[in-house]
1. Under the rule of -39500 (n - 2.57) per DSSP H run of 4 or more residues, summed and divided by the residues of the protein assembly as shown, what mean residue ellipticity at 222 nm is obtained, to the nearest 500 deg cm²/dmol?
2. Between B:Arg86 and A:Arg365, how many nm apart are label points set 7 Å from Cα along the C-beta direction?
3. Take chain B, drop everything but the C-alpha atoms, weight them equally and run the Debye formula without solvent; then report log10 I(q)/I(0) at 0.06, 0.09, 0.13 Å⁻¹ to two decimals.
4. Order these peptides, A:210-223, A:98-111, by their mean beta-carbon neighbour count within 10 angstrom, highest first.
5. Contour minus end-to-end for A:Gln20 and A:Leu378, with contour as 0.36 nm per residue of separation and end-to-end as the Cα-Cα distance?
6. Where the centroid of each part is defined by its Cα atoms, how far is the stretch B:281-316 from the stretch B:31-70 in Å?
7. Please report, to two decimal places, log10 I(q)/I(0) for the stretch A:135-186 at q = 0.22, 0.24 Å⁻¹ as given by the Debye formula with identical point scatterers on the Cα atoms and no solvent.
8. Find the percent of Cα-Cα distances in the stretch A:301-343 that exceed 13 Å, and round it to a whole number.
Number of protein chains: 2
Amino acid sequence: MAAHIPARALQLRSLVTPDQTVQVFLDEVDVPEPGPTEVLVRVEAAPINPSDLGLLLAGSDVTSATVSGPSDRPVVTAPLPDAAMRALGARIGTAMPVGNEGAGTVVAAGSAPSAQALLGKTVAAAGGAMYAQYRCVDVMFCLELPAGTIAVDGASAFVNPMTALGMVETMRLENHAGLVHTAAASNLGQMLNRLCLAEQIPLVNIVRRPEQADLLRSAGAAYVCDSTAPTFMADLTAVLKQTSATLAFDAIGGGRLASQILTCMEAAASADAGFSRYGSAVHKQVYLYGSLDRGPTELTRNFGMAWGIGGWLLTPFLQRIGLEGVARLRSRVAAELSTTFASSYTDQVSLAGALALDAIATYARQATGQKYLIRPDL
Amino acid sequence: MAAHIPARALQLRSLVTPDQTVQVFLDEVDVPEPGPTEVLVRVEAAPINPSDLGLLLAGSDVTSATVSGPSDRPVVTAPLPDAAMRALGARIGTAMPVGNEGAGTVVAAGSAPSAQALLGKTVAAAGGAMYAQYRCVDVMFCLELPAGTIAVDGASAFVNPMTALGMVETMRLENHAGLVHTAAASNLGQMLNRLCLAEQIPLVNIVRRPEQADLLRSAGAAYVCDSTAPTFMADLTAVLKQTSATLAFDAIGGGRLASQILTCMEAAASADAGFSRYGSAVHKQVYLYGSLDRGPTELTRNFGMAWGIGGWLLTPFLQRIGLEGVARLRSRVAAELSTTFASSYTDQVSLAGALALDAIATYARQATGQKYLIRPDL
């Protein structure tokens, strides 16, 4: 088998330069030998998730991006606004590999039995640097895909499925009776909708367009609110009364949406109570897990005193539930990869294709329904 | 002793009317007989705390207040802005008694030994309706003051001392190494400063005027930042590096101060770390316990993902630590009432005096250093 492995292969990298630009390019790097508990994966599919964009594009102005170099080794250069640059000091001069997750074939394995057992298997892997032809990872970060699953179908087996499961687990750990989700028509949102339907968890889906509401309703969603409707606050309060959902996961971040959700939760919680000068005693929580709107979050604080808002990230959540918890969630993902946790892609591109300006313009916009898959084997 | 107790006595009340005003007045009410575990307190001193103002003034525009009636039974009427009125629906038409805490002499007691034991004693009491000549309370809500303590010195034995202790307990329960406090020159702030000095807890005091900084420094405060100084962000980051304080209690609420605190905490936490695209893993928390600025809270979210912000109230905190915890804190307050937990007042007024327009204008402003004490016995 070793004969098929090249000595050097391509890896996508993102470099912040001192003259305030980001350069994204393909680098030829040594293909590593796996250590005892590692496997070498020939990457065949890796999605571009919203969580990859920060590292990949560094908050640059992609509308002003330019491309140079040969077509199979393009170099994209985009200017960095002052505000983005301030947070990037520690990155200047280090070309960083990108790609949170992906899937492919194990073409070499370390001496440990756990590594040897994966040889020739198709695995999903998390751990970064997956936008590459080859990636060496510890077996800890591998998920063996069910027999017959191709890499394309397992490429998104980690970030979105674990995030959806993490939202549900967080709801249970923090004693809430239902969930609210914004940007609910996203790939992740559709997955969360399927998961909540299967678990009989009341899920309030907040979308921004009528056709997104239709999409979710046709997938069985019982509670959908359009935040652009003039009746949004009343609509949301009504379904929050029905569901008693007091935990929201918000992908938008900026603006007043988180505050509106808390206001409606409080209105629902205090609808049948008498006057209380500090509001209801029902704890209302919003976690911001994305930042589709990078502007400030504005809280009007007309929702009593029993509330919280905070950041939510997958990795600290997985640390919170521990190895056993993670193993339990991973088995579930593997078992339901083609149903509950299925992902779909609108575009498949090669490593070089991911650096085409029109592709960047599309995936940087994070439009609902658009999802790119990088195929390093193309 | 019963011979000295009148059948009826004065009680201050606040009434929201359907025509969008609040009326504050003195009502003559029956003096109740204590139940088995209750005592009747002749109230001799009750502070006007910021936490009383919501119930007392209901968010009314006190600059447009008018007064009518005889000088010993004034009726104050103030208009309610639309925004305030929206939250007051459940209060309309119910004249509510006011006054979170106070102190006085037990003049009658129920049959239970715990009640009888307090007869003739000076006690502090919490539980509302303390702006009155007489108040009947369960012994649960009484704190027997050390022998020789007069009511004036015990009037603020509950809200501020328990809040200061609650902040320190919350810091320990949630694993933080130090505290940040805003509006730090307040009565509560000075108390927290003395408590943290005694406990060797690093406390970062944020004030809004140079003379407030001087006041705290002369009381031994090691870390004081003036939020109006042009160097505020750098000053705050520097002391947060020194103290590793990652928990803030904010009395201001509105504006960008909470966000600035989180930004500086993140800068301090990541100062020596390499680049991390999601910011530091150090959890940073701000609790809003007041609303001196009623405007929206604005979060710029340039402080990574490990952060939280939420409301903090004394009563749910006391429920969280349970009866045993509360008893422990109360004993400490009693033992240090004239030192750590001493309060001082700039003005003492009768019940009618508390309804004078100039007095209302002063205490409604919640200016640092101004503190009113109602003396129902005057």
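The values are calculated or read from the model by the stated rules, or taken from the named source; none is laboratory data. Every value quoted in this text rests on a predicted model; they were computed, and no experiment measured them. So basically every Cβ, Gly included, is an ideal-geometry build from the backbone, and we count neighbours across all protein chains shown. For the accessible areas, the whole protein counts, side chains as well, though only heavy atoms, and no ligand, DNA or RNA atoms are used. Shrake-Rupley method; radii C 1.70, N 1.55, O 1.52, S 1.80 Å.
1. Result for the protein assembly as shown: -9000 deg cm²/dmol, rounded to the nearest 500.
2. 3.4 nm
3. Reported log10 I(q)/I(0), two decimals: -0.25, -0.56, -1.09.
4. Highest-to-lowest ranking by the protection proxy: A:98-111, A:210-223.
5. Computed gain between A:Gln20 and A:Leu378 is 125.7 nm.
6. The stretch B:281-316 and the stretch B:31-70 have Cα centres separated by 30 Å.
7. Scattering profile of the stretch A:135-186, log10 relative to I(0): -0.93, -0.99.
8. Roughly 68 percent, once rounded to a whole number.
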